[in-house]
Amino acid sequence: MVSAQETERRRVAGDVHDGPIQMLAAAVLRLSSIRHDIKDPALNARLDEFSSSLTTSIDSLRHLVFELRPPSLDRGGLDVAFRESLEGWAPQENVSVTVTSNLATPLNTEERAVLFRIGQEALANARKHARARSISVSLQEVGGGILLNVADDGVGFTDGPSATDAALHIGLTSMRERAEQAGGWLQIDSPGTGTVVKAWIPITRGPELTP
Ligand SMILES: Nc1ncnc2c1ncn2[C@@H]1O[C@H](COP(=O)(O)OP(=O)(O)OP(=O)(O)O)[C@@H](O)[C@H]1O
Ligand SMILES: [Mg+2]
């Protein structure tokens, strides 16, 4: 299932990259050549505004493509993927980040994907809910598996969502499900200030399911 999801994400990322992003980039180029022929400064200013809103759209689509399937997840490894993902927002929001890893055993595609998706949700939560000033991510080989630790120094869990809208908040449940489906576990500690999310999955050493 993990393999099918990741393949689909990679396909969607490729389609968004090759379709909408290329079309918008071509539109920006056309706009700049039209602008060249126009002498009216007021009209030019409006075209510049239009062009910069297209550029903003391109940036946000590029970000989406990255989140769907970070190329570094295949090439560089998990720590690189986490670092690149955090670079996309943490510096602008004045959040300091550390990412450490001591993985000796190479992980297969599924293991990398499961840990990255869990970490992605933990980081999204730290960003959305914690008002953290610093976030740390660590990856360690422990007990025949990998322990992912995402800690923030934010407000910690308050009351959480009310029972009525709990169904709308699927992040925690999906992190736990991903870890358990991979044969591991998820634990969340929020001792007043800050939150620590720990996820462990075993290393299967099995063959790669996807090339
Ligand atoms: N790092 C954190 N710091 C503080 N509160 C948190 C943190 N992570 C989760 N929470 C609390 O737990 C609730 C449930 O988190 P969960 O990820 O399930 O839902 P969500 O982030 O609100 O929505 P979704 O993930 O479905 O987009 C959050 O609404 C928030 O109140
Ligand atoms: Mg969430």
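Before moving on, here are some points about what is shown:
- Mean separation of Cα contacts under 8 Å (6+ apart) over length of the stretch 18-118, as relative contact order %: 22 percent
- For the chain, averaging the sequence separation of C-alpha pairs within contact (under 8 Å, six or more residues apart) and dividing by the residue count gives a relative contact order of 18 percent.
- Value of [θ]222 nm, deg cm²/dmol, for the chain, DSSP H segments ≥ 4, -39500 (n - 2.57) each, nearest 500: -16000 deg cm²/dmol
- Amide hydrogen proximity for PHE157: with H placed 1.01 Å from N in the peptide plane, the residues at 5 or more positions away or on another chain lying under 5 Å are GLY192.
- The calculated FRET efficiency for ASN94 paired with ARG11, based on their beta-carbon distance and R0 = 41 Å, is about 0.70.
- By average C-beta atoms within 10 angstrom, highest first, the peptides 179-190, 14-25: 179-190, 14-25
- Kirkwood-type radius of the chain, with distances r between different C-alpha atoms, in Å: 19.3 Å
- Looking at the chain alone, DSSP beta bridges between its own residues are antiparallel in about 80 percent of cases.
- Shape call, the stretch 1-104: gyration tensor on alpha carbons, a/c limit 1.5: oblate
Throughout, read-outs are computed from the coordinates displayed, never taken from laboratory work. Treat the numbers as computed from the prediction; the structure is a model and nothing was measured. Positions of Cβ are generated from backbone atoms using ideal geometry, with glycine treated the same way; all protein chains shown enter the neighbour counts.
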